[in-house]
Amino acid sequence: MSQDLVAPPADAPAVRPARRKLVANAGPADKVYRGVARGGGSLVLVLMALVGTFLAYRAWEALSQAGLSFITTEQWNPDGGGFGIAAVIVGTVLIAIVSVVVAVPLAMGTALYISEYAPRWLKRTMIAMVDLMAAVPSVVFGLWGAFFLQWKIIDLSRWIADWFGWIPIFKVGGVERHDPLATMTAYTSSTFIAGVVVALMVAPIACSVMREAFGLAPMGEREGAYALGATRWGMIRSVVLPFGRGAVVGGTMLGLGRALGETIAVVMIISPRFEIQPRVLEHGTSSVSSLIALRYGEASPFGISALMAAGVALFVLTLLVNFVAAFVVSRSRSGAMSEA
């Protein structure tokens with residue numbers, strides 16, 4: 001018995017246990033699930049490639065004729081002059097930026113309240129309401145924005161122009177500060193109004209992404225923050241928000257991608273204007289999606305090719321935004337937790 005307890009000599013070679021080779025023994029159900037998941041992911045990639053290839057093929061005639069001027073030209077007259085996306089792409093980006101600026105604080109506040117403050121009975125109700133809001137058709141938002149919101153928000157647009165008109169993007173051409181005779185139509189059909197309406201459409205999507213990540217914040221770290229004397233807001237600021245930072249960025253970028261492609265609601269609100277118009281409160285703007293929706297029915301064959309070229313630009317821009325969002329989320333703690 002004592003011989004079993006004697007330590008080996010110091011100069012004796014270390015004996016390492018033999019490595020075991022682990023082999024996954026997936027059952028039939030696991031193999032079927034893996035095949036379906038892999039096939040679904042591959043199908044999405046194939047469909048995206050086919051859509052991009054189709055758009056590029058149909059747009060080649062217009063792109064080959066316009067060349068690089070397609071990016072720098074503001075006017076849109078494929079059959080009788082130059083055409084390009086300089087004006088509509090600027091309008092698209094500005095509408096999307098306004099929508100994100102409005103939607104992100106709204107979505108983050110709603111997500112934090114649902115995950116951290118709302119009682120259990122109210123939490124289920126609010127989750128259902130947010131999900132239901134995401135299912136409302138865009139034409140309903142467009143009607144509401146065109147016939148109700150825009151006339152209620154003109155006073156806010158005028159107040160911003162009066163007090164912040166010294167900033168170029170908030171200036172309204174032809175309107176003096178505190179001018180009582182200024183026409184209200186100078187503020188209608190603007191980038192700002194379209195952006196606010198789109199913000200209400202993308203906020204539920206961003207809120208859902210943020211809420212899921214906030215709810216996955218580790219319970220041990222939450223309790224540790226409370227044990228160190230943190231208040232509830234202190235715990236949220238030191239644990240929940242850092243953990244969900246990737247989801248906040250990802251939800252924001254996802255909402256931005258959604259806002260870039262919004263069509264019907266924007267068409268019903270804006271007044272098309274084919275010139276670079278960076279003033280968000282001023283009447284008139286345009287976007288790529290609204291251009292395609294308004295001009296497709298009356299376009300000639302070459303005009304359709306030009307519209308396809310505009311679609312290619314929007315397709316590439318949206319893909320870039322979503323790739324950036326996926327990259328940011330995958331490198332965050334919340335993204336890693338969701339993937340696990």
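The values are calculated or read from the model by the stated rules, or taken from the named source; none is laboratory data. Worth saying up front: this structure is predicted, and the values here are computed from it rather than measured. Here the Cβ is made from the backbone with ideal geometry for all residues, glycine too, and neighbour counts use every protein chain on show. Ligands, DNA and RNA are excluded from the accessible area calculation, which covers all protein heavy atoms including side chains. Shrake-Rupley method; radii C 1.70, N 1.55, O 1.52, S 1.80 Å.
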Search the stretch 202-224 for residues being of a type outside the set (Gly, Ala, Ser) and open to solvent by less than 10 Å² (accessible area, probe 1.4 Å), and hand back the single one that is farthest from the chain's Cα centre (by Cα). 214
Right, residue 133: within 25 Å of the chain's Cα centre (by Cα) and either at pLDDT below 90 or not in a helix (DSSP H, G or I) (or both) or not? yes
Based on what the data block shows, is residue 302 farther than 30 Å from residue 186 by Cα, out of contact with any helix residue (DSSP H, G or I) (no Cβ under 7 Å at 6 or more places or on another chain) and part of a helix (DSSP H, G or I)? no
Determine if the stretch 267-276 includes at least one residue that is farther than 26 Å from residue 134 by Cα, in contact with a helix residue (DSSP H, G or I) (Cβ under 9 Å, 6 or more places away or on another chain) and among the acidic types (Asp, Glu). yes
Whichever residue in the stretch 79-94 is touching a residue at least 60 places away in the same chain (Cβ under 8 Å) and open to solvent by less than 20 Å² (accessible area, probe 1.4 Å) and, among such residues, is nearest to residue 291 (Cα to Cα): 88
It is to be established whether one or more residues within the stretch 281-291 are out of contact with any Leu (no Cβ under 6 Å at 6 or more places or on another chain), open to solvent by 10 Å² or more (accessible area, probe 1.4 Å) and in a loop (DSSP other than H, G, I, E, B). yes
Kindly indicate which of 323, 315 is farther than 30 Å from residue 239 by Cα and open to solvent by 30 Å² or more (accessible area, probe 1.4 Å). 315
Within the stretch 168-201, the count of residues that are β-branched (Val, Ile, Thr), open to solvent by 50 Å² or more (accessible area, probe 1.4 Å) and at pLDDT 85 or above comes to 1
Checked the stretch 233-279 for anything surrounded by 23 or more Cβ atoms within 10 Å (Cβ to Cβ) and not in a helix (DSSP H, G or I); matches are 244, 262, 270
Of the residues that make up the stretch 95-116, is at least one closer than 12 Å to residue 309 by Cβ and either out of contact with any strand residue (DSSP E or B) (no Cβ under 9 Å at 6 or more places or on another chain) or in contact (Cβ under 8 Å) with a residue 60 or more places away in the chain (or both)? no
Looking at the stretch 154-167, which of its residues are surrounded by fewer than 14 Cβ atoms within 10 Å (Cβ to Cβ) and either part of a loop (DSSP other than H, G, I, E, B) or aromatic (Phe, Trp, Tyr) (or both)? 159, 163, 164, 166, 167
So residue 123 ticks every box in (1) part of a helix (DSSP H, G or I); (2) closer than 29 Å to residue 269 by Cα but one. Which box is left unticked? (2)
How many residues are open to solvent by 60 Å² or more (accessible area, probe 1.4 Å) and not charged (D, E, K, R) when one looks only at the stretch 292-312? 4
